[in-house]
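The values are calculated or read from the model by the stated rules, or taken from the named source; none is laboratory data. Everything numeric here is computed off the predicted structure, so don't read it as measured data. Cβ placement follows ideal geometry from the backbone for every residue including glycine, while neighbour counts extend to all protein chains displayed.
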Amino acid sequence: MSAVLQFLKARTIVALILLLALFLIGIELVRPGTVTPLWASNALLFAAPLAIMGAGQTLVMLTGGIDLSVASVATGAAYLLATNASSGDFSAIALALALGLVVGAVNGVGVALLRVQPLIMTLGTGLMTGGAMIVYSQQMLASQPHVPAIIQTLGAGKIFSLVPVDLFLWIAVGALMLYGLNRTGFGRLIFAVGDNREACHLAGIRVWRVLFVDYLLCALFAAIAGLVLVGGTNAADLSLADSYLLPSVACVIIGGTSIFGGRGGYSGTIVGALILTALTSLLTLLDVAEPLKQILYGAIILSLAAAYARLTE
Amino acid sequence: MAAEQDSILDIRGVAKRFDSVVALRSADLKVRAGEVHALMGANGAGKSTLVKIITGVFPADSGDILIGGERKVFRSPAEARQAGIVSVYQDPAIVPDLTVAQNMRLARVGLDAVRTAMRSLGVERVDLSRAAREIDFATLRLIDLSRALASNPRILLLDEITAALPIDLAERVFAVVRDWRKRGASIIFISHRMAEVAALCDRATVLRDGVTVGVTATQGAEEKIVNMMLGTEVAKAAVSGAARAKQTASAAAPALEVRDLACGHGLRGVSFAVRPGEVLGVAALEGQGQEELFDCIAGVRRPDAGEIAADGKPLRFRHPADAVRAGLVLVPANRLQALLPQRPIRENVALPIFGRLKNWGPIAMKDERRRVEEAVRRLQIDTRASSELKRLSGGNQQKVAIARWLAAGFRVLLCFDPTRGIDVGTKRQIYSLLREVAQQGASVLLFTSELPEIRLACDRAIVLFGGRISGEMPADDADEARLLRAAHGLIAADAEATA
C-alpha cells in the first residue's frame with residue numbers, strides 16, 4: 001500500500017488519471033452504456049474552453065497569483081465578437097482578442113508595477129469589464145448580434161461527426177504551454193518568480209516584466225476561451241462565462257499547481273479540466289436538484305483539493 | 001560505569017530518514033549533568049536532525065532517548081519544554097510580524113523571566129513592544145536564547161547560536177552558558193567554530209554521515225575532532241597561504257573601485273579598490289555598514305553619495321540587473337534570499353541567465369546542462385537530492401548560490417558571509433574556490449564574521465567601523481588581535497600614539 005502511495009507521490013499525474021478513470025466508471029455505473037465515443041467527443045468539446053481558460057490561470061497561479069477577471073473577459077470577448085460580426089470576421093475576432101490584451105495589460109500594470117494584490121486587482125478589473133459590457137450592450141440594442149460561422153465551427157463543429165474542432169485548438173494551446181513552461185526562459189522565470197520573488201530580484205531579474213507578460217497572456221487565453229464558448233452556444237449573452245470562474249481556478253488546483261506558486265504545470269490542469277467535465281456530467285446524470293448539485297460540486301472539489309494536498313505534501 | 005549513570009541525557013542508536021535521504025543512521029549521545037557538550041559534524045551529518053528529535057519536533061524512526069534514566073518520547077517541543085528540555089534552533093523561531101512580547105506569549109514564557117535573561121545577555125534595552133522584523137538578526141538570536149532560558153531548562157540545546165553573532169555578542173552567550181553550567185544545567189552546543197568549542201565545551205560528540213564516530217574531551221583536541229568529522233578526506237582540501245596571488249599586478253586598473261560611498265546612517269564614506277585577481281576581505285562587528293556597502297555595490301540599494309566604478313567606468317545601478325550586467329554579482333548572507341526552494345538544482349543554477357530578455361525564448365538544453373554540470377562539479381555539490389533545493393543541506397545550498405554565478409559569469413564576486421553555519425570541509429572548498437576564481441582573473445570581495453577566515457582566504461583586508469574604514473592591512477598581518485582592534489575603531493588611535 002505504501003509502495004503504491006510512494007509511486008503516486010512521485011507521479012501525481014498518474015493519480016489524477018486514475019481519478020478521472022474512477023469518475024468515468026462512476027458514470028457507467030449510474031447509467032450503463034453512457035460512456036461512448038460520442039459521449040467522449042462531447043466531453044472534449046465542453047472541456048476545451050475550460051482547459052484553455054485554465055491555461056491562463058495556470059500561468060498566473062504558478063507565480064503565486066490568481067486572475068478573477070477571466071470570466072468577465074471571456075464573456076466580454078464573446079459579446080464584442082457577436083455585436084461586431086457585421087464589420088467582418090477578422091476585425092470582430094481582433095476586437096475580441098484586443099479586449100483580452102487591454103484587460104490583461106491593466107492587470108499586469110496593477111500587479112507587476114503597482115504591486116496590488118492579484119486577487120483584489122483582478123476582482124476589480126473583472127467587475128469593471130462586466131460593468132463596461134452592460135453599458136456597451138445598452139448602446140447596442142438596435143444591432144443584430146450573430147456569431148461568425150468560423151467561430152461556430154470552432155466551438156461546435158466536429159470532423160466526421162466525432163472529433164471536435166476545438167480539440168485542435170486545445171492541443172495547440174497545450175503544446176505551447178508544455179513547451180513554453182518547460183523549455184523556454186520565460187517558463188523558467190514563471191516558476192522562479194512564483195517560488196521566490198526576492199531571489200529573482202537579487203539574481204538580476206526584472207520581476208515586473210515577467211508578471212506583466214504573465215497576466216497579459218492569461219487574459220488573452222480567457223478571450224480565446226470566450227470565443228470557443230460563444231461558438232458552442234451560438235448566443236452571446238452577458239452571463240456566458242460566469243459559471244467558468246470557479247472551475248478555471250479549480251482545475252488548476254486539482255491539477256496540482258500550488259496556489260502559493262513555484263510548483264505545478266499545465267499537464268495537471270488538462271486532467272483537472274477533464275475531471276471537472278466528467279464530474280458535471282456525473283451530477284447531471286444523477287438528476288439531482290440544481291442547489292444540491294452545486295453543493296455536491298463544491299464539496300467534491302474541496303475534498304479533491306484536500307486529498308491532493310496530502311499527496312503532494 | 002559510574003560515568004554511564006551520570007548521563008542526564010542518553011541517546012542510543014537513533015535513526016531517521018526523510019523519503020530517500022537518510023539523515024541519521026545511528027546516533028549516540030551521552031550528556032552529563034552540568035557539562036557543556038559539543039555536538040560536532042560536517043554539514044548534513046545530522047546534528048540539527050538530532051536536536052529536533054530530542055526536542056520532539058519530529059519522531060525518530062528507531063532508537064531510544066533516555067532522560068535521567070527513563071525512556072521518553074516527546075511529541076512536540078512544548079512537551080519537551082515541560083520536561084526541562086529547550087532548544088534554540090538554527091533559524092529563529094520567531095514570528096516577524098508580532099512584537100517581541102507577543103512572541104514570548106506564544107511560547108508561554110513569563111515576560112519577567114525573559115527580561116532577567118535578557119539582562120544577563122546585555123540586551124535588556126530592546127523594546128519588547130517592537131515588531132520582531134524591525135530587530136536585527138543578531139539581537140533576535142539573543143532574544144530567542146532569552147526565551148529559552150526563561151523556561152529554566154535542565155538541558156539547553158543551542159544549534160549554531162553563534163553563527164551570525166559578532167565576537168562581542170558571542171562572548172556574552174559564552175558567559176551565560178558557563179553560568180548555567182555552574183547552576184547544574186547541561187548544554188548541548190553546536191558550532192562550526194573550533195576555537196569557541198575548545199574554549200567553552202567540556203566534551204564533544206562527533207557525527208559523520210548520521211553515525212556517532214567518537215566522543216572526546218575538547219581540551220587540545222581540535223585536530224582530532226576535525227579528523228573525526230572529515231574522515232579520510234581530511235588533508236585534501238587544505239588551503240595554503242602560499243597559493244595567494246603574487247601582488248605584482250598592482251599596475252592593472254581596479255576591477256572594482258568605490259569612492260566616498262555613503263548610504264543611510266550605516267555607511268558614511270568608504271573608498272577602496274579591488275584589483276583583478278585579488279580577494280579583498282572585509283571585517284567588521286555587527287552593523288558597521290557592511291550590509292549597506294554590499295547592497296549598494298550589488299544594486300540592491302541606491303547610495304546617497306559616492307561613486308562605484310568597474311574597470312574604470314563609473315556605474316549607476318537602479319536594479320540588481322544593472323549590477324549583474326556590469327559583472328558585479330552578490331551571494332547574500334541569507335541563503336533563503338538567494339534560492340528557489342521548490343525548484344531543482346539545475347534551475348537554481350541557470351536562473352540569472354534568464355534575466356536578459358533575449359534569453360526568454362527556447363533554452364539550449366544541452367548547453368545549459370553542460371554549464372550547470374560544470375559548475376556543480378567545480379563546487380562538488382552533492383546532487384543526491386537535486387529535485388528540490390530545500391532538501392539539500394545548508395552547505396550544499398550555499399554552494400548552489402555560488403555555482404549560479406560560475407555558470408553565468410562575473411567580474412567581481414560579492415560574498416557576504418558565505419561560510420556562515422557551514423562545516424570545516426565545505427569552508428575549505430569555498431576558500432579554495434574563491435582563490436581559483438581569483439587566479440583566473442576575477443576579483444572577490446568577501447565579508448566574513450569569522451575573523452580567522454581573512455588570513456585563510458584573502459590577499460588584503462579592510463575593516464569597517466561606524467560606516468568608515470578603520471583599518472587596512474595585508475592578509476598576512478591580519479591576525480585576530482589586529483582585526484579586532486580595528487573593528488572596535490582602535491587602530492587609528494594606535495597609529496597616532498606610535499607616531
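Going through (1) more than 10 Å from chain B (Cβ to nearest Cβ); (2) modelled with pLDDT of 95 or more one by one, A:Thr184 falls short only on (1). Which residues, counting only those in the range B:129-143, are surrounded by 16 or more Cβ atoms within 10 Å (Cβ to Cβ) and of a type outside the set (S, T, N, Q)? Across the range B:129-143, the qualifying residues are B:Ala132, B:Ile135, B:Ala138, B:Leu140, B:Arg141, B:Leu142, B:Ile143. In the set A:Gly268, A:Gly272, A:Gly256, only one residue is buried (at least 18 other Cβ atoms within 10 Å of the Cβ) and not in a helix (DSSP H, G or I); that residue is A:Gly256.
Residues that are at positive phi and not in a helix (DSSP H, G or I): does the range A:58-70 have at least one? Yes: the range A:58-70 contains one or more residues that are at positive phi and not in a helix (DSSP H, G or I). Only one of the listed residues (B:Ile225, B:Ile308) is closer than 26 Å to B:Ala195 by Cβ, of a type in the set (Val, Ile, Thr) and either modelled with pLDDT under 85 or buried (at least 16 other Cβ atoms within 10 Å of the Cβ) (or both). That residue is B:Ile225.
Against the test of being part of a helix (DSSP H, G or I) and in contact (Cβ under 8 Å) with a residue 60 or more places away in the chain, the options A:Val103, A:Val147 yield a single qualifying residue, A:Val103.
Looking at A:Val30, A:Val4 in this structure, which one is free of Cβ contacts under 8 Å to residues at least 24 places away in the same chain and either farther than 30 Å from A:Tyr136 by Cβ or within 16 Å of the chain's Cα centre (by Cα) (or both)?
Result: A:Val4 is the single residue among A:Val30, A:Val4 that is free of Cβ contacts under 8 Å to residues at least 24 places away in the same chain and either farther than 30 Å from A:Tyr136 by Cβ or within 16 Å of the chain's Cα centre (by Cα) (or both).
Scanning the range B:430-446 for residues that are surrounded by fewer than 22 Cβ atoms within 10 Å (Cβ to Cβ) and touching a Gly at 6+ places or on another chain (Cβ under 9 Å) returns B:Gln439, B:Gln440, B:Gly441.
A:Ala112 - would you say it is in contact with a helix residue (DSSP H, G or I) (Cβ under 9 Å, 6 or more places away or on another chain), among the aliphatic types (A, V, I, L, M) and surrounded by fewer than 16 Cβ atoms within 10 Å (Cβ to Cβ)? Taking the combined requirement at face value, the residue does not satisfy it. Which is basic (Lys, Arg), crowded, with 18+ Cβ neighbours inside 10 Å and either within 14 Å of chain A (Cβ to nearest Cβ) or outside any loop (DSSP other than H, G, I, E, B) (or both), of B:Arg370, B:Arg377, B:Arg301, B:Arg318? From the options B:Arg370, B:Arg377, B:Arg301, B:Arg318, the qualifying one is B:Arg301.
Of all residues in the range A:208-240, those satisfying the criterion of being within 14 Å of chain B (Cβ to nearest Cβ) and of a type in the set (D, E, K, R) are A:Arg209, A:Asp214.
The combined condition, being within 26 Å of A:Arg263 (Cα to Cα), more than 14 Å from every other protein chain (Cβ to nearest Cβ), among the small types (Gly, Ala, Ser) and surrounded by 19 or more Cβ atoms within 10 Å (Cβ to Cβ), is fulfilled by B:Ser393.
Rundown of residues vs (1) closer than 24 Å to A:Tyr179 by Cβ; (2) among the aliphatic types (A, V, I, L, M); (3) modelled with pLDDT of 90 or more; (4) under 15 Å from the mean Cα position of the chain (by Cα), yes/no style:
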site	(1), (2), (3), (4)
A:Ile52	yes, yes, yes, yes
A:Gly56	yes, no, yes, yes
A:Val60	yes, yes, yes, yes
A:Thr75	no, no, yes, yes
A:Leu81	no, yes, yes, no
A:Ser86	no, no, no, no
A:Ile93	no, yes, yes, no
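Results for (1) touching a His at 6+ places or on another chain (Cβ under 9 Å); (2) part of a helix (DSSP H, G or I); (3) of a type outside the set (Gly, Ala, Ser), shown as yes or no for each residue.
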residue	(1), (2), (3)
B:Phe189	yes, no, yes
B:Val197	no, yes, yes
B:Ala204	yes, no, no
B:Val213	no, no, yes
B:Thr216	no, no, yes
B:Ile225	no, yes, yes
B:Met229	no, yes, yes
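Can you spot a residue in the range B:278-291 that is surrounded by fewer than 24 Cβ atoms within 10 Å (Cβ to Cβ), within 14 Å of another protein chain (Cβ to nearest Cβ), within 21 Å of B:Val463 (Cβ to Cβ) and of a type outside the set (Gly, Ala, Ser)? Checking the range B:278-291: at least one residue is surrounded by fewer than 24 Cβ atoms within 10 Å (Cβ to Cβ), within 14 Å of another protein chain (Cβ to nearest Cβ), within 21 Å of B:Val463 (Cβ to Cβ) and of a type outside the set (Gly, Ala, Ser).
From the set of residues in the range A:187-199 that are facing chain B (nearest Cβ under 7 Å) and without any contact (Cβ under 8 Å) to a residue 12 or more places away in the chain, which is surrounded by the fewest Cβ atoms within 10 Å (Cβ to Cβ)?
Top of the filtered list is A:Glu198.
Among the numbered conditions (1) within 30 Å of B:Ile65 (Cα to Cα); (2) within 26 Å of the chain's Cα centre (by Cα); (3) not polar (S, T, N, Q), the only one that B:Ala113 does not meet is (2). Here B:Leu315, B:Leu351 are screened, and the one residue that is under 16 Å from A:His201 (Cβ atoms), assigned by TED's automatic domain parsing to the domain that holds B:Gln290 and not small (Gly, Ala, Ser) is B:Leu351. Pairs are defined by a Cβ separation below 8 Å, a sequence spacing of at least 6 or placement on different chains, a first member in the range B:134-145 that is assigned to a loop (DSSP other than H, G, I, E, B), and a second member that is of a type in the set (Asp, Glu); the pairs so defined are B:Asp136/B:Glu286.
Do we find a residue being in a strand (DSSP E or B) and in the same structural domain as B:Pro276 (by TED's automatic domain parsing) anywhere in the range B:434-443? Checked against the condition, which is being in a strand (DSSP E or B) and in the same structural domain as B:Pro276 (by TED's automatic domain parsing), the range B:434-443 yields at least one hit. Taken over the range B:458-469, the residue count meeting the criterion of being at pLDDT below 90 and not in a loop (DSSP other than H, G, I, E, B) is 1. The conditions are (1) in contact with a helix residue (DSSP H, G or I) (Cβ under 7 Å, 6 or more places away or on another chain); (2) part of a helix (DSSP H, G or I); (3) in contact (Cβ under 8 Å) with a residue 24 or more places away in the chain; (4) surrounded by fewer than 22 Cβ atoms within 10 Å (Cβ to Cβ), and B:Thr383 fails exactly one of them. Which is it? That leaves (2) as the condition not met. Residues that are in a helix (DSSP H, G or I) and more than 10 Å from chain A (Cβ to nearest Cβ) within the range B:321-345 comprise just one, B:Ile345. Within the option set B:Phe416, B:Phe354, being surrounded by 21 or more Cβ atoms within 10 Å (Cβ to Cβ), touching a residue at least 60 places away in the same chain (Cβ under 8 Å) and within 14 Å of chain A (Cβ to nearest Cβ) holds for one residue only, B:Phe416. Would you pick out the residues in the range A:67-100 that are in contact (Cβ under 8 Å) with a residue 60 or more places away in the chain, out of contact with any His (no Cβ under 7 Å at 6 or more places or on another chain) and of a type in the set (A, V, I, L, M)? Of everything in the range A:67-100, those that are in contact (Cβ under 8 Å) with a residue 60 or more places away in the chain, out of contact with any His (no Cβ under 7 Å at 6 or more places or on another chain) and of a type in the set (A, V, I, L, M) turn out to be A:Leu68, A:Val70, A:Ala71, A:Val73, A:Ala74, A:Ala77, A:Ala78, A:Leu81, A:Ile93, A:Ala96, A:Leu97, A:Leu99. Exactly one condition in (1) of a type outside the set (Asp, Glu); (2) closer than 17 Å to A:Gly226 by Cα; (3) out of contact with any strand residue (DSSP E or B) (no Cβ under 8 Å at 6 or more places or on another chain); (4) at pLDDT below 95 is not met by A:Pro164; state its number. The one condition A:Pro164 does not meet is (3).
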